[in-house]
Amino acid sequence: MSSTQNEIDQIHEAELEAKKAIQEAENRAREIREETEQEIKNLMEVTEKEAKRDAEKMLNDIESKRMAIEREIRKEIDGEIVIIQDKASRKTTDAVKLAVKIMLGDE
């Protein structure tokens, strides 16, 4: 009977060791899952920051190009304004001369 009891004790010990091994495996699996989830979270944060930085750079580039275009347009408009003012000044001078001639009866 002691042989049977020994076998029962060995089976019981084997069950306890198996339960312990299963528990350790479950714990390790949970740790791996938690580590993986944290790595994914960290990677997502880095990726989001990079995407935001890239988007901001693109917006800055677009804004710089827009400002350069506006400067060129403004330069052209200012040039046209000077030409128009010059023509208007000459026409005003011509109109004043004509008015003086008409007043003096030269015309």
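Counted over the chain with a bin width of 10 Å, the fraction of Cα pairs per bin, in whole percents, is 11, 12, 11, 10, 9, 9, 8, 7, 6, 5, 4, 4, 3, 2, 1, 0. Look at where the Cα atoms of the range 76-100 and of the range 13-39 average out, and the two centres are 91 Å apart. What's the angle, to the nearest 10 degrees (0 to 90), between helix 2-104's Cα axis and the longest principal axis of the chain? Result, in degrees: 0. Would you work out which of A68, S89, M103 lies farthest towards the positive end of the dipole of the chain? Charges go on Cβ: Lys and Arg +1, Asp and Glu -1. Of the options given, the answer is M103. Under conditions of 4 °C and 1.567 mPa s, the range 24-78 yields 87 µm² s⁻¹ as its translational diffusion coefficient, taking Rh as the Kirkwood radius over Cα pairs in the Stokes-Einstein equation. Spin-label model, N42 to L104: label points 7 Å out along the Cα-to-beta-carbon direction sit 9.3 nm apart. Remark: the chain carries a charge dipole of roughly 1480 debye about the Cα centre, counting +1 on each Lys and Arg Cβ and -1 on each Asp and Glu Cβ.
Here, each number is a calculation from the coordinates, and none is a lab measurement. Keep in mind that what you see is a predicted model, and the values were worked out from it rather than measured. For neighbour counting, all protein chains shown are included, and Cβ atoms are generated from backbone atoms with ideal geometry for every residue, glycine included.
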